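Report on the structure given below.
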Amino acid sequence: MSYNLQVTIDKSSGFCFGVVYAIEMAEDILDGEGYLYCLGDIVHNDEEVERLTKMGLKIIDHEFLKTLKNEKVLIRAHGEAPSTYQLALENNLTLIDASCPVVLKLQNRIKSSYDDNEQILIFGKHGHAEVIGLQGQTDGKAIVFQDLAELDNVELPSKFTLYSQTTKSTDKFYHIKDQLLSRGYEVKANDTICRQVSNRYQELEEFVSYYNKIIFVSGKKSSNGKVLYDVCKKYNDNSYFISNVEELHTTWFNENDKVGICGATSTPMWLMENVKAALEHY
């Protein structure tokens, strides 16, 4: 049986400029030198990491970095804490800094707030690379929380400055701000969410409503992927989350379905094109 699916890829899905920049920098060095160290996964997408690993990218962690000397190391779009730059100086490492400009700007703002002795709260995912870099601007003193319930048992000062990881939901951020204000705190809120990410919410709302089925393609580790998939599911209940072509199921589809494919800011276009090709074979 042929399903005769009509398949369209969302043109605004795929890599954000920060990720494009990091990957292009990596590819340029790999073309010339054959290998390059990268501190952490260059992007939260296993398929793209595997592609670059085959080109010679060597993913390392902070423990390994301490043992490395006289080498080039790529800092990915998520950014790094000041301690990483200090270590690079001590070990004579050349840092290829592909930190996203939006993240760098946020790091600077948090550092300024910290230097002004403000108590800082960061709405972000515990252990996320970007959040570790942000907390590093405060010598680890900022309070990081993923949801409001975490703050219930925390002794908060009467006034503080609120920041957000760049890929969080704007709606959630403003809801948190309003809740904290209603509890009587004096909150200086800084909306530091990347607009290239937040604009996708609205674009996705419109995109997913046109199709019978939605295939959302993202790495399991992507914070942004989880947020964007929730948007898909909210506006089209027939949305399915996959990380690769092997996770597709024919049982999801009916004959002549119109299928939309979309993805996270860390999802490569080639992966969405592979999914489209597979669906068109059904």
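Numerical summary
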read-out: Per residue, in Å², the accessible surface of the chain once ligands and nucleic acids are set aside, probe 1.4 Å; value: 48
read-out: Efficiency of FRET between residue 21 and residue 255 - r from beta-carbon atoms, R0 45 angstrom, step 0.05; value: 0.60
read-out: Options (1) 26.5; (2) 14.2; (3) 16.3 - which one matches mean projected area of the Cα convex hull in nm² as calculated here; value: (3)
read-out: Charged-residue dipole, Cβ positions (Lys, Arg, Asp, Glu), the chain about Cα centre, Debye nearest 20; value: 420
read-out: Magnitude of the charge dipole, the range 119-274, Cβ model with Lys/Arg +1 and Asp/Glu -1, debye to 20; value: 340
read-out: Proximal aspartates and glutamates to residue 159, defined as alpha-carbon separation beneath 18 angstrom and excluding residues fewer than eight positions away on the same chain; value: 115, 116, 118, 150, 178, 186, 191
read-out: Amide H contacts under 5 Å for residue 73, placed H, 5+ residues apart; value: 94, 95, 96
read-out: Relative pair counts by distance (%), Cα atoms of the range 140-210, 5 Å bins; value: 3, 14, 23, 23, 15, 9, 7, 4, 2, 0
read-out: With eigenvalues of the C-alpha gyration tensor scaled by 5 and rooted, the range 220-282, Å; value: 19, 15, 9
read-out: Kirkwood-based Rg to Rh ratio, the range 5-113, C-alpha trace; value: 1.03
read-out: Phi to ³J(HN,Hα) by Karplus 6.51 cos²θ - 1.76 cosθ + 1.60 over the range 209-215, Hz, x for Gly, Pro; value: 6, 7, 10, 5, 9, 10, 10
read-out: Gaussian network model of the chain, springs between alpha carbon atoms under 10 Å - residue of 125, 54, 141 with greatest fluctuation; value: 54
read-out: Calculated from backbone phi, Karplus (6.51, -1.76, 1.60) coupling profile of the range 225-240 in Hz, x at Gly/Pro; value: x, 5, 5, 5, 5, 4, 5, 4, 5, 5, 9, 8, 5, 8, 10, 10
read-out: Amide H contacts under 5 Å for residue 189, placed H, 5+ residues apart; value: 162
read-out: Listed pairs 177/221; 54/226; 72/172; 54/105; 66/111; 111/233 exceeding 31 Å between Cα atoms; value: 72/172; 54/105; 111/233
read-out: Dimensionless Rg/Rh of the range 35-179 - Kirkwood Rh, Rg from C-alpha atoms; value: 1.02
read-out: Built amide H within the under 5 Å cut-off of residue 7, gap 5+; value: 259
read-out: Selection from 56, 106, 148, by position along the positive dipole direction of the chain (Cβ); value: 148
read-out: Karplus 3J(HN,Hα) series, Hz, for the range 128-145 with 6.51 cos²θ - 1.76 cosθ + 1.60 (x for Gly, Pro); value: 5, 3, 5, 5, 4, x, 5, 5, x, 6, 10, 6, x, 8, 5, 8, 9, 9
read-out: Protein accessible area in the chain, 1.4 Å probe - carbon and sulfur %; value: 48
read-out: Principal axis dimensions, the range 136-260 - Cα atoms, whole angstrom, descending; value: 59, 27, 26
read-out: Among 76, 51, 183: highest mean-square fluctuation, GNM of the chain, C-alpha pairs under 10 Å; value: 183
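The values are calculated or read from the model by the stated rules, or taken from the named source; none is laboratory data. As the structure is a computational prediction, the values presented were derived from the model and not from experiment. For neighbour counting, all protein chains shown are included, and Cβ atoms are generated from backbone atoms with ideal geometry for every residue, glycine included. Accessible surface areas use protein heavy atoms only, side chains included; no ligands, DNA or RNA. Shrake-Rupley method; radii C 1.70, N 1.55, O 1.52, S 1.80 Å.
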